[in-house]
1. Please tell me the relative contact order of the chain in percent, rounded to the nearest whole number, where contacts are Cα pairs under 8 Å and at least six residues apart.
2. Given the rule -39500 (n - 2.57) for each run of at least 4 DSSP H residues, summed and divided by the residues of the chain, what is its mean residue ellipticity at 222 nm, to the nearest 500 deg cm²/dmol?
3. Filter the cross-link list Lys87/Lys145; Lys119/Lys145; Lys48/Lys119; Lys41/Lys119 down to pairs whose alpha-carbon distance in this structure exceeds 24 Å.
4. From the alpha carbon gyration tensor of segment 3-128, can you work out the equivalent ellipsoid semi-axes (sqrt of 5 times each eigenvalue) and give them in Å, largest to smallest?
5. Probe radius 1.4 Å, ligands and nucleic acids left out: which of Thr150, Thr107, Thr42, Thr22 has the largest accessible area, and how do the rest follow?
6. Tabulate in residue order the Karplus-calculated ³J(HN,Hα) for segment 151-167, using 6.51 cos²θ - 1.76 cosθ + 1.60 with θ = phi - 60°, rounded to whole Hz; enter x for Gly and Pro.
7. Which distance in nm do the two modelled labels at His98 and Arg226 give, with both placed 7 Å along the Cα-to-Cβ direction?
8. Describe numerically, in nm with one decimal, the distance between label points set 7 Å from Cα along Cα→Cβ at Arg133 and at Arg112.
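The values are calculated or read from the model by the stated rules, or taken from the named source; none is laboratory data. These numbers come from a predicted model, not from an experiment. Here Cβ is always computed from backbone atoms with ideal geometry, including for glycine, and neighbour counts include all displayed protein chains. Only protein heavy atoms, including side chains, enter the accessible area calculation; ligands, DNA and RNA are left aside. Shrake-Rupley method; radii C 1.70, N 1.55, O 1.52, S 1.80 Å.
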Amino acid sequence: MNINPLAIVTGGSSGIGLAICTRLLEENYNVINADIKPPAKTFTMNYKYLKCDVTLPEQVQVLGSLTGQEGEPQLLVLNAGLGIHEKIREGDPEKWAHVVNVNICGTLRILRAVLPFMKQGHVVFLSSVSACRPHPYGGIYAATKSALDTIAETLRLEEMPGIGVTVISPGVVDTEFFSNMISGSHTVESIGWGAIEPEEIADAVVYILNQKKGTIINNLTIRPARQQL
């Protein structure tokens, strides 16, 4: 019988999500990666990839069914998300709606599908420093992350003390995030503040999980030393 704890990671095929999956496997977790595409990296042990678009209820329900088959999750990492960089007076409301569907509604769908199988454990939300610091062209994305922070705090109050809840708010991270944005032309170089590595976020997840019983880190901000916002 496999007694390794079970972790579910959304958006685990690249960037921060891939780093988290890799680190959790090193910590002897069984990992389910729910993402719209498989990872370029190959894992052979204690790992399953499930095609899952968080905007499609039927695919999220398959994840829920797989969760029930695999056993009680000890960790849920809500990492799937989409960026956008548009001015409100000029942007495309249909694109905004898609970002809201991915970042907010998609997160809620995953929570609703997985939480019924969790009696204890930990839920980690990947938010952003922009949730507290809206900026020109970043209002839509910032609004979705502010909503996630509110959802996370609500979940903490509803599920304490059995399920711990942590919000990680990264600054600029050196991933494909900017090239995958639905709209916008930002790059790590154009922002000019430097960047942290996705592995640093993965290490933070393990740090959060390794707190003594009865102690929860609820909010953690990580950003480059030169980042102003």
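1. On the way: 437 pairs, mean separation 46.8, N = 229.
Value for the chain: 20 percent.
2. On the way: 7 runs with 80 residues, N = 229.
The per-residue figure over the chain is -10500 deg cm²/dmol.
3. Values: Lys87/Lys145 17 Å; Lys119/Lys145 26 Å; Lys48/Lys119 22 Å; Lys41/Lys119 32 Å.
Flagged as over cut-off: Lys119/Lys145; Lys41/Lys119.
4. On the way: eigenvalues 140, 50, 30 Å².
Whole-Å semi-axes of the equivalent ellipsoid: 26, 16, 12.
5. Details: Thr150 85, Thr107 10, Thr42 115, Thr22 30 Å².
The ranking, largest first, comes out as Thr42, Thr150, Thr22, Thr107.
6. Here the 3J(HN,Hα) series is 4, 4, 5, 4, 4, 4, 5, 6, 10, 5, x, x, 10, x, 10, 10, 10 Hz.
7. That separation, rounded to one decimal, is 3.3 nm.
8. 3.4
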